[in-house]
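Accompanying notes for the structure given below.
The values are calculated or read from the model by the stated rules, or taken from the named source; none is laboratory data. Every value quoted in this text rests on a predicted model; they were computed, and no experiment measured them. Cβ: placed from backbone, ideal geometry, glycine included. Neighbour counts: every protein chain shown.
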């Protein structure tokens with residue numbers, strides 16, 4: 001069949017292309033540009049090749065920050081996913097409780113990152129914060145400014161408080177899509193509560209759980225605002241995650257070359273790990 | 001296997017039913033014989049599924065008791081009642097293989113693994129799923145999934161009853177027939193008490209020994225397919241069973257005769273009734289004879305349905321359907337007579353026994 005070719009439709013895509021070019025592609029290319037050059041100011045640049053990349057990859061500071069990130073994301077996922085599933089399982093399916101629970105669950109998600117940070121920064125303070133003061137007055141030695149462990153606990157609890165709702169809401173959406181007949185059949189078949197979870201609810205939540213895990217992984221791996229506001233990366237470097245380190249390098253020390261190389265490596269790590277998560281979960285899904 | 005007694009069961013989905021209309025199930029008082037194959041037949045929303053769920057224990061009736069072999073099970077959970085139920089839409093455990101799906105109800109009850117395997121193998125054979133026994137249930141067609149659901153219903157040999165809730169809705173027509181005859185076969189072989197909910201009269205009549213017709217939350221008749229056809233005890237049964245349904249004509253009764261407009265029709269017996277009731281005469285299209293004698297009718301349409309013709313006629317301002325053989329001809333001056341053997345008389349929709 002003869003088709004008349006008319007490529008004018010491409011013009012319709014043009015605005016989007018321009019927008020993406022200016023918002024993503026061009027900034028990314030400047031980063032690539034910086035990452036292979038050195039500068040001593042005055043807008044003079046020298047070719048540096050892959051020096052910055054090898055510097056960053058071999059620096060202990062980068063390794064430490066990367067390990068902290070991995071540990072943080074692992075802890076976050078291990079707490080938020082099971083907790084989210086547990087809460088979703090116990091939320092009401094009908095009645096007045098539903099809108100109440102949904103609104104209640106959404107509340108933390110509506111609060112901006114830096115506000116969450118500020119809330120916990122104040123909440124945990126030893127001198128005036130409700131949490132910090134109370135803990136200390138009942139004899140628990142808690143101080144996120146001086147104790148690395150306390151700083152970690154604070155940042156983790158803050159993230160759990162802020163983001164578990166997301167997992168809950170996604171799981172809940174998966175759960176309510178299960179027809180009643182499944183539960184009825186399970187009753188007839190004499191299935192235990194655990195079997196119902198294992199063979200009905202979990203398989204039906206599979207898809208949304210994949211999304212939840214991916215979102216929570218990417219977000220927690222990129223965490224910046226909250227620890228920056230609460231601990232500023234300290235005490236020492238205890239809560240200096242990659243993103244915080246990156247900003248210190250780029251803006252604090254104005255080493256744009258290493259910072260650019262670092263951000264590209266950071267980006268590739270997130271991409272790689274997300275791909276791994278996705279592939280593993282999809283393969284499991286296909287295997288059942 | 002068990003005999004099931006429904007003792008004055010009523011059910012309402014609301015908390016405080018006050019009026020008769022509040023009840024989804026008005027009053028069911030009936031016994032189901034051990035080993036019987038029953039079909040619950042009725043239009044959507046007549047209470048069939050409610051009744052089924054009450055038997056299986058998914059619902060607890062608002063009023064009344066349910067007994068298995070004389071033992072009160074009203075307060076028992078479904079798993080304690082030892083019942084199998086197959087639902088309208090396929091329920092399979094996606095992450096299990098077909099064989100594990102069938103084994104699930106057995107393993108949940110702690111049956112020895114060797115016994116589980118032999119039972120499962122037997123059922124796989126019955127429902128013809130041996131080829132895919134070790135495939136995951138996920139991604140199978142609706143047909144196959146529903147077969148798995150049926151298989152899970154049949155896998156336990158010792159169940160008190162097997163309940164089917166319109167199980168063939170999602171199945172292709174040619175498979176429907178095959179599965180239905182398989183169920184019938186299984187019933188003959190193992191003698192389980194089976195209750196089969198459907199709104200399809202063909203399905204009900206071919207599956208069941210006894211058909212239970214429900215209408216508006218009540219059982220209006222329980223009988224063999226033949227009884228339902230020849231002696232519908234409620235005008236609804238007359239309409240619902242048979243295609244086309246029974247003709248119901250308003251008449252005035254006078255002893256052993258019925259007066260339809262200016263025509264007088266002989267009844268097989270005399271009806272004795274109180275006054276003030278709405279009286280009707282029911283006659284199936286198969287018992288109306290079209291000829292040149294009797295009551296004059298006007299013909300509106302003739303439908304050819306293959307081996308038979310359906311004549312749509314008017315008599316005294318009422319519609320009348322007549323079934324003719326395909327080679328019978330319609331006379332130019334059509335009249336009808338009613339075969340007395342096919343005449344039933346109704347007062348306020350319920351059948352009246354005619355005396356000698």
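See the values below:
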{"item": "Every residue from the stretch B:226-235 that is buried (at least 17 other Cβ atoms within 10 Å of the Cβ) and either in a loop (DSSP other than H, G, I, E, B) or free of Cβ contacts under 8 Å to residues at least 24 places away in the same chain (or both)", "result": "B:228, B:232, B:233"}
{"item": "Lone unmet requirement of (1) more than 7 Å from chain A (Cβ to nearest Cβ); (2) part of a helix (DSSP H, G or I); (3) over 30 Å from residue B:222 (Cα atoms) for residue B:105", "result": "(1)"}
{"item": "Residue list for the stretch B:59-92, restricted to those being part of a loop (DSSP other than H, G, I, E, B), in contact with a strand residue (DSSP E or B) (Cβ under 8 Å, 6 or more places away or on another chain) and either within 14 Å of chain A (Cβ to nearest Cβ) or free of Cβ contacts under 8 Å to residues at least 24 places away in the same chain (or both)", "result": "B:59, B:73, B:74, B:87, B:88"}
{"item": "Of the criteria (1) free of Cβ contacts under 8 Å to residues at least 24 places away in the same chain; (2) in contact with a helix residue (DSSP H, G or I) (Cβ under 9 Å, 6 or more places away or on another chain); (3) under 30 Å from residue B:76 (Cα atoms), which one residue A:129 fails", "result": "(3)"}
{"item": "Hits in the stretch B:53-102 (condition: crowded, with 17+ Cβ neighbours inside 10 Å, farther than 30 Å from residue B:16 by Cα and under 26 Å from the mean Cα position of the chain (by Cα))", "result": "B:82, B:84, B:86, B:90, B:91"}
{"item": "Positions within the stretch A:42-58 being loosely packed, with under 15 Cβ neighbours inside 10 Å and either touching a residue at least 24 places away in the same chain (Cβ under 8 Å) or within 14 Å of residue A:259 (Cβ to Cβ) (or both), in sequence order", "result": "A:57"}
{"item": "Conditions (1) in contact with a helix residue (DSSP H, G or I) (Cβ under 7 Å, 6 or more places away or on another chain); (2) more than 26 Å from residue A:105 (Cα to Cα); (3) more than 14 Å from chain B (Cβ to nearest Cβ); (4) not in a helix (DSSP H, G or I); number of the one not met by residue A:245", "result": "(4)"}
{"item": "Looking only at the stretch B:45-58, and only at residues there that are under 22 Å from residue B:150 (Cα atoms) and part of a loop (DSSP other than H, G, I, E, B), the one that is farthest from the other protein chains (Cβ to nearest Cβ)", "result": "B:57"}
{"item": "Verdict on residue A:238 being within 14 Å of chain B (Cβ to nearest Cβ) and either surrounded by 16 or more Cβ atoms within 10 Å (Cβ to Cβ) or under 20 Å from residue A:118 (Cβ atoms) (or both)", "result": "no"}
{"item": "Filter result for residue B:202 (in the same structural domain as residue B:124 (by TED's automatic domain parsing) and not in a helix (DSSP H, G or I))", "result": "no"}
{"item": "Some residue of the stretch B:176-185 being under 29 Å from residue B:58 (Cα atoms), in contact (Cβ under 8 Å) with a residue 60 or more places away in the chain and in the same structural domain as residue B:103 (by TED's automatic domain parsing)", "result": "yes"}
{"item": "The listed residue being buried (at least 16 other Cβ atoms within 10 Å of the Cβ), within 19 Å of the chain's Cα centre (by Cα) and free of Cβ contacts under 8 Å to residues at least 40 places away in the same chain, out of B:223, B:238, B:217", "result": "B:223"}
{"item": "Qualifying residue in the stretch B:158-172 (condition: on the phi < 0 side of the Ramachandran plot, surrounded by 15 or more Cβ atoms within 10 Å (Cβ to Cβ), assigned by TED's automatic domain parsing to the domain that holds residue B:49 and in a helix (DSSP H, G or I))", "result": "no"}
{"item": "Number of positions in the stretch B:109-151 that are surrounded by fewer than 16 Cβ atoms within 10 Å (Cβ to Cβ), outside any loop (DSSP other than H, G, I, E, B) and either in contact with a strand residue (DSSP E or B) (Cβ under 9 Å, 6 or more places away or on another chain) or within 14 Å of chain A (Cβ to nearest Cβ) (or both)", "result": "1"}
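Every residue, every condition in (1) modelled with pLDDT under 85; (2) more than 14 Å from chain B (Cβ to nearest Cβ); (3) crowded, with 17+ Cβ neighbours inside 10 Å; (4) farther than 26 Å from residue B:80 by Cβ, yes or no:
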| position | (1), (2), (3), (4) |
| --- | --- |
| A:170 | no, yes, yes, yes |
| A:174 | no, no, yes, yes |
| A:178 | no, no, no, no |
| A:182 | no, no, yes, no |
| A:194 | no, no, no, no |
| A:198 | no, no, no, no |
| A:203 | no, no, yes, yes |
| A:207 | yes, no, no, yes |
| A:215 | no, yes, no, yes |
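Let's see how each residue does on (1) in a strand (DSSP E or B); (2) in contact with a strand residue (DSSP E or B) (Cβ under 6 Å, 6 or more places away or on another chain); (3) in contact (Cβ under 8 Å) with a residue 40 or more places away in the chain:
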position	(1), (2), (3)
B:249	yes, yes, yes
B:253	yes, yes, yes
B:272	no, no, yes
B:290	yes, yes, yes
B:293	no, yes, yes
B:311	yes, yes, no
